[in-house]
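Reviewing the structure listed below.
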Amino acid sequence: MPTFPAYRPRRMRRTEALRGLVRETRLAPSQLVLPLFARSGRGVRQAVGSMPGVCQTSVDEMVRDAREAERLGIGGVLLFGIPDVKDAIGSPAWDDRGPVQEAVRALKRETPRLVVITDVCMCEYTDHGHCGILKDGDVDNDATLELLAKEALSHARAGADVVAPSDMMDGRVRAIRGALDGAGFTNTPILSYAAKFASGCYGPFREAAESTPQSGDRRGYQMDPGNLDEAMREVWLDIEEGADMVMVKPAGPYLDVVQRVKQETGYPVAAYQVSGEYAMIKAAAERGWIDGERVMMESLIGIRRAGADVVITYFAVEAARVLSALSPSIG
């Protein structure tokens, strides 16, 4: 390899045109997925205090947001539901007239170019806020599987393009795949939250989804932040059970996990830039400590560079507007 002065790397950095010509990792709106929070009613747009720009919305308002996402070329949306009533087993999760199911039907009718992904979990629907049935204060893994399968099947009946189990119960991908196939939904893909870590970055989301645990925490089923080998075991288990895509959550603190999952599996990989990541950037930008737009774009290209094919982010609309203003595909 030639060295200085024959080789001067700065030559290819002099202008934006040159930088764009040799850019190794690119970001496009089609690689972004926007999380949305659905609830009942009409004309509802309830701001989430810890996530500037994010709202709980009724389905009619959600359709407005989705149309803008579709116009900007965003690849898809990820739906979460806030039911009017919760119970110990989360039965509103498989209500065919629930907010997520209604949202799926509306979005497939009004924004057909968007991929509609539904989060499959119990935490938004249980009165105790945990991701499954409680037994003696602990989540009963095996009893929860049947309920997750019922929820996924309800989403598929509504027309979901992809179902995404996020609960971290052992065996849930196999249970959901079996239920979908048995009901004739053999072509409905599963995006598994395969490596979901017990992170301190979920607080704002729990406000948005009204899913804070009423007792204890979720470290008994979400992953320990220090475990990379275990994350790979989780990913391979979900692939073997029938996952079509796998996810790492959160994204920013776990880029090494994203990279290893992509390199070792070759499967489509999604990374979820979670609520706390979003809120930290927003808060620092509001205080003038950082250039919010620049850090937003840097964080997203970093997730892509680590190996994520899909980035789930609350910045999807903002980032897509920046990308649209610059070029069809830019890093």
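The values are calculated or read from the model by the stated rules, or taken from the named source; none is laboratory data. Keep in mind the model is a prediction, meaning the values are calculated, not measured. Note: ideal-geometry Cβ built from the backbone for every residue, glycine included; neighbour counts use all protein chains shown. Calculation scope for accessible area: heavy atoms of the full protein, side chains included, ligands and nucleic acids excluded. Shrake-Rupley method; radii C 1.70, N 1.55, O 1.52, S 1.80 Å.
Things to note:
- Only Lys, Arg, Asp and Glu carry charge here, each on its Cβ (+1 for the first two, -1 for the last two); on that basis segment 90-175 has a dipole of about 580 debye about its Cα centre.
- Within the accessible area of the chain, the carbon and sulfur atoms contribute 50%, probe 1.4 Å, all protein chains present.
- Of GLU241, GLU102, GLU24, GLU293, the order by accessible heavy-atom surface (1.4 Å probe, DNA, RNA and ligands excluded), from most exposed downward, is GLU24, GLU293, GLU102, GLU241.
- Pairs of Lys residues in the chain that lie 8 or more places apart, or on two chains, and have C-alpha atoms under 18 angstrom apart add up to 5.
- Check: the chain dipole with +1 on Lys, Arg Cβ and -1 on Asp, Glu Cβ, in debye: 1880 debye
- Residue among CYS131, PRO189, PRO268 farthest towards the positive dipole end of the chain, charges placed on Cβ: PRO268
- Note on segment 91-165: semi-axes of the ellipsoid equivalent to its C-alpha gyration tensor, largest first and rounded to whole Å, are 26, 11, 9.
- DSSP loop trypsin sites (Lys or Arg not before Pro) with at most 16 other Cβ within 10 Å excluded, longest remaining stretch of the chain: 114-218
- Per residue, the convex hull around the alpha carbon atoms of segment 228-296 comes to 93 Å³.
- With only Cα atoms counted, the chain has Rg and Dmax values of 20.1, 71 Å.
- Surface accessible to a 1.4 Å probe, per residue, for the residues of segment 81-172, Å²: 36 Å²
- Per residue, segment 185-253 exposes an accessible area of 42 Å² to a 1.4 Å probe, with every protein chain left in place.
- Coil-residue chymotrypsin sites (Phe, Trp or Tyr not before Pro) of segment 225-331, DSSP, other Cβ within 10 Å capped at 14: TRP289
- Hull-based mean projected area of segment 110-223, where the convex hull spans the alpha carbons, in square nanometres: 7.6 nm²
- Projecting the Cα atoms of VAL310, LEU153, PHE4 onto the dipole axis of the chain, where Lys and Arg carry +1 and Asp and Glu carry -1 at the beta carbon, places PHE4 farthest toward the positive end.
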